Every structure is written in structure tokens, then in C-alpha cells.
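Okay, so here's the structure we're looking at.
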Amino acid sequence: MKQLIFSLAALLSLSAVLAFRPGATNWQMTDKYIVRFTGGGEVGGIFKTMKGAIVFDDQHPETSSVDLSIDVASINTGNGLMNTHAKSAEWFDAGQYPVIRFTSKKIVKAGAGYQVTGEMDIHGVKKEMVLPFSFQNSGSAGTFSAKFNINRSDFHVGKPGGDVDENIKLEVVVPVVKK
């Protein structure tokens, strides 16, 4: 009986500690986000449409998660013919693969910033990636920023070689507000 009471007391104590632990915040993306890419030479542009769910606690990143999707048809290179070509079956095949998606599995503190491990899904190919990012917290608002490279051949985007680099540089800036 004493052991049962001790076990219940320990369970209640643990529950109390967990109940008062700060929780992750639901953040809503503003429409001022940037998804910019460059691929050598004159190849570069933005994706104009992104949506997602961000739950983040900068003090306890292990309680955080992110699920972002980019509308492939929203690609804008600044050239109408290049946009059409990028959406074609030869490159992104927007008709068959309309969304680029990243879903987190784990978020950890890394130096002055963070790292998110997750699954990147581009052109029907899913690959686990570790991406660095930073977060500037301004109370009820904040900004997530990331710069990283993606090897387009890993996702079968375009033919290897040519005028477009294999490693595409991405810059993602996502201003957010608390929900």
C-alpha cells in the first residue's frame, strides 16, 4: 500500500512539473515571407505561395514542429518562358507534383541557432534533411530565417548538367505572429 501511495505521489509530482512547463507557441505566417532560389548564371527567382503550420518554443525546441508547403505553380523567375519551362515535366512537373513539402521530425538548438531534421518532398522524391535556421523573437511576433542548399538531382528535378547548378541555394524568411 505504501508503494502504491508513493507511486501515485511521484506521478502527481511529475504531472505538476509537466503542466507548468512552458508550451510551444502556435505561430501564424504573415504574407511577407520570402522563398528565394538561385542556381547559377541567370537562373533564380522566388516561389510566391507558401503555407504551413509552425509550432515553436525557442526555450524548448524539442516541443516544436513545422509543416510547410510551397505551390510549385507559383514559381516566378522574372521570365514568363522560364516559368512555363520550370513548371513543365522536364523540371518540376507542377501538374503531377504540385507541392514542395517539408515536415519536421525533430528540432534542436545548434550554436546560436537551431537545426530542424525532417522530410523534404520534391518532385515525388522524399529525403530526410537537416536544415539550419534562426529565430528572432519579438514577443508577439518573430522571424524565422534559413539559408541552405538542395541538390536538385537528388530530387530528379531537371537533367544533370547544363546551365543550372546541381546545388540550388535557397533563402527562406518567414515573419510570424502569435495565433
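The values are calculated or read from the model by the stated rules, or taken from the named source; none is laboratory data. Computed from a predicted model, the values in this text were never measured in an experiment. Cβ placement follows ideal geometry from the backbone for every residue including glycine, while neighbour counts extend to all protein chains displayed.
Assorted remarks:
- Being on the phi < 0 side of the Ramachandran plot and crowded, with 17+ Cβ neighbours inside 10 Å is not true of A53.
- Filter result (more than 12 Å from the chain's Cα centre (by Cα) and surrounded by 13 or more Cβ atoms within 10 Å (Cβ to Cβ)) within segment 135-148: F135, N137, A141, G142, T143
- Selection of first residues in segment 153-171 that are farther than 19 Å from G124 by Cα and of second residues that are among the β-branched types (V, I, T) and modelled with pLDDT under 90, restricted to Cβ pairs under 9 Å at least 6 apart or on distinct chains, gives the following pairs, ordered by first then second residue: D163/V43; V164/V43; D165/V43.
- Residue in segment 68-76 that is crowded, with 17+ Cβ neighbours inside 10 Å, over 22 Å from Y114 (Cα atoms), charged (D, E, K, R) and modelled with pLDDT of 95 or more present: no
- Among the residues of segment 1-51, just one is modelled with pLDDT under 80 and touching a helix residue (DSSP H, G or I) at 6+ places or on another chain (Cβ under 8 Å), namely G23.
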